[in-house]
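Novice: Input: one structure, supplied below.
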Amino acid sequence: MKVLVVGSGGREHAICWTLKKSSMVTELYCAPGNGGIADVATCVPIKATDIEEMSDYARDNNFDLVFVAPDDPLALGLVDKLEEKGVRAFGPRANAAIIEASKAFSKKLMKKYNIPTAKYEIFDNKDDALKYLETQDMPIVIKADGLALGKGVIIAQTLDEAKNAVISMMEDKAFGNAGNTVVIEECMVGPELTILAFADGKTAIPMISSRDHKRAYDHDEGLNTGGMGAVTPGADMTEELKAQITNTIILPTIEALQKEERPFKGVIYFGLMLTKDGPKVVEYNARFGDPETQAILPLLETDFMDIIDACIDGTLDSIDIKWKNKCSCVVVMASGGYPQSYNKGYEITGIDTCGKLVFEAGTAIKDGKKVTNGGRVLCVYDEGDTLDEAIDGAYEGVKKISFQDMHFRTDIGRTLG
């Protein structure tokens, strides 16, 4: 099969790396790709959000499958466009991807179908939002409604912080049009957990659990980022808790989307909070998470293409998905200043000699050398029989990689709570 992966980050590197191992994949391309992806796939300089050019390229070059990985092209309808042009595609159509593209939509869906989540209100008027905050307890959560690269969520500890967050989103346009509408919700308390699931429109099969670390600095301090590292498993879950999550959240979500005539095919991400009242949804994503993907996919034993085909064909209930009996950890190495301003173009050394699996995100090739080209530069992966082994191994790899102004958290997996 001739396969095209859409995207350019560490997630896409992990997806390409996994597809490369499939017995069914004979040619692998990625658009636009990055410096690391170029080692396993042919990179094509087309922007992920250029829906027309990407779909034309896929059709004209006779791809057997296009795997749409990032949120923006999914929300913009790339899967719809590919299917219109007769190209087989993996990922939800736009009317299902809205579960991530609009937090207001997803909250209303959860309310309608009694899927547990935080109490909330939705505002498209700044003054109304500010007035509402006056009546609420702190801390409180302010979310930009639209896509904001994983950064459009502010956990405000004080009323002033909450008001500033609303003004920043709705008036100053810190996240562009994504902040035209905001969701204000109660701040849930408890350990966080990520469950990704494969879905074929009517069936969902959860993957192994993971835990993402969103804050920029150790001890969960600093601004939210796209993710500074992840581990599997994300929690020591009982069979009872797994069943509760599946029966009260995962399956009801798939059924709700089906009832709304928005069948979800692809990978759906459940960001959960394990509260004293049980698991509740923090957020949905309509695709593989980043960096959770980099922690999860290396543990997959089943041929990835078999799962992809089952999701597209609606036959997921007939497949047995197997995983390694291992724990894993990925540590993100970022540019100094991320998630705010940072410089690019610094040479990276040690990737090939660190002795660990490295998934590259913000890298490029310049004058024959690998250089930084983004905020999150790369992910260092390791696995082990215990979580401590996996964490220690990943950090051994981190110590051997270097670039100017590099920044990484030193407590990934150590603060699971």
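Novice: Which fully enclosed strands (runs of 3 or more DSSP E) of region 1-72 have 1 or more residues being open to solvent by 10 Å² or more (accessible area, probe 1.4 Å) and polar (S, T, N, Q)? If you could, list the steps in order and put the result at the bottom.
Specialist: Values: elements: 2-7, 27-32, 65-68.
No strands (runs of 3 or more DSSP E) qualify here.
Novice: Looking only at region 337-359, which residues are over 22 Å from the mean Cα position of the chain (by Cα) and of a type in the set (Gly, Ala, Ser)?
Specialist: Passing the criteria: Gly345, Gly350, Gly355.
Novice: So, one more: Please name all residue pairs, on different chains or six or more residues apart, with Cβ atoms under 6 Å, provided the first residue is in region 328-343 and is closer than 10 Å to Met406 by Cα and polar (S, T, N, Q) and the second residue is at pLDDT 95 or above and open to solvent by 10 Å² or more (accessible area, probe 1.4 Å).
Specialist: As it stands, the answer is Ser335/Tyr342, since those pairs meet every condition given.
Novice: When residues of region 76-126 are filtered for being closer than 19 Å to Ile268 by Cα, at pLDDT 95 or above, open to solvent by less than 70 Å² (accessible area, probe 1.4 Å) and of a type in the set (A, V, I, L, M), how many remain?
Specialist: 11
Novice: While we're here: Between Phe288, Phe270, which is in a loop (DSSP other than H, G, I, E, B) and open to solvent by less than 10 Å² (accessible area, probe 1.4 Å)?
Specialist: Details: Phe270 fails: in a loop (DSSP other than H, G, I, E, B).
Being in a loop (DSSP other than H, G, I, E, B) and open to solvent by less than 10 Å² (accessible area, probe 1.4 Å) holds for just one of Phe288, Phe270, which is Phe288.
Novice: Shifting gears a bit: Within region 362-417, count every residue that is of a type in the set (Ser, Thr, Tyr), part of a helix (DSSP H, G or I) and open to solvent by less than 10 Å² (accessible area, probe 1.4 Å). Walk me through how you get there before you give the answer.
Specialist: So in region 362-417, the residues of a type in the set (Ser, Thr, Tyr) come out as 363, 372, 381, 386, 395, 402, 410, 415.
Then drop every residue that is not part of a helix (DSSP H, G or I), which leaves 395.
The next check asks that each one be open to solvent by less than 10 Å² (accessible area, probe 1.4 Å); those that pass are none.
Residues in region 362-417 being of a type in the set (Ser, Thr, Tyr), part of a helix (DSSP H, G or I) and open to solvent by less than 10 Å² (accessible area, probe 1.4 Å): 0 in total.
Novice: In this structure, is Thr158 out of contact with any strand residue (DSSP E or B) (no Cβ under 6 Å at 6 or more places or on another chain) and closer than 30 Å to Glu260 by Cα? Talk me through it step by step, then tell me what you get.
Specialist: Numbers: out of contact with any strand residue (DSSP E or B) (no Cβ under 6 Å at 6 or more places or on another chain): yes; closer than 30 Å to Glu260 by Cα: no.
Answer is no for this residue.
Novice: Right, next: Exactly one of these conditions fails for Leu193: (1) in contact with a helix residue (DSSP H, G or I) (Cβ under 7 Å, 6 or more places away or on another chain); (2) open to solvent by less than 10 Å² (accessible area, probe 1.4 Å). Give me its number.
Specialist: Unmet condition: (1).
Every residue, every condition in (1) surrounded by 15 or more Cβ atoms within 10 Å (Cβ to Cβ); (2) part of a helix (DSSP H, G or I), yes or no:
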site	(1), (2)
Asp309	yes, yes
Ser328	yes, no
Met333	yes, no
Gly337	no, no
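Novice: Got at least one residue in region 339-348 being in contact with a strand residue (DSSP E or B) (Cβ under 8 Å, 6 or more places away or on another chain), on the phi > 0 side of the Ramachandran plot, part of a loop (DSSP other than H, G, I, E, B) and loosely packed, with under 15 Cβ neighbours inside 10 Å?
Specialist: First pass over region 339-348, keeping only residues in contact with a strand residue (DSSP E or B) (Cβ under 8 Å, 6 or more places away or on another chain): 339-340, 342-348.
Those left that are additionally on the phi > 0 side of the Ramachandran plot: 345.
Next, only the ones that are part of a loop (DSSP other than H, G, I, E, B) stay: 345.
When the remaining residues are screened for being loosely packed, with under 15 Cβ neighbours inside 10 Å, the result is 345.
Within region 339-348, one or more residues are in contact with a strand residue (DSSP E or B) (Cβ under 8 Å, 6 or more places away or on another chain), on the phi > 0 side of the Ramachandran plot, part of a loop (DSSP other than H, G, I, E, B) and loosely packed, with under 15 Cβ neighbours inside 10 Å.
Novice: State which residue pairs qualify: first residue within 15 Å of Phe123 (Cβ to Cβ) and open to solvent by less than 80 Å² (accessible area, probe 1.4 Å) and inside region 157-172, second residue among the small types (Gly, Ala, Ser) and not in a helix (DSSP H, G or I) in any location, beta carbons under 7 Å apart, and separation of 6 or more residues or different chains.
Specialist: What qualifies is Ala162/Ala156; Ala165/Ala156; Ser168/Ala174; Met169/Ala144.
Novice: Separate question: So in region 200-236, with the set limited to residues that are crowded, with 19+ Cβ neighbours inside 10 Å and hydroxyl-bearing (Ser, Thr, Tyr), which one is modelled with the lowest pLDDT?
Specialist: Of everything passing the filter in region 200-236, Thr225 is modelled with the lowest pLDDT.
The values are calculated or read from the model by the stated rules, or taken from the named source; none is laboratory data. No experiment lies behind these values; they were computed from the predicted model shown. When we count neighbours, we look across all protein chains shown, and the Cβ atoms used for this are built from the backbone with ideal geometry, even at glycine. Remember, those area values only see protein heavy atoms, side chains included, never the ligands or the DNA or RNA. Shrake-Rupley method; radii C 1.70, N 1.55, O 1.52, S 1.80 Å.
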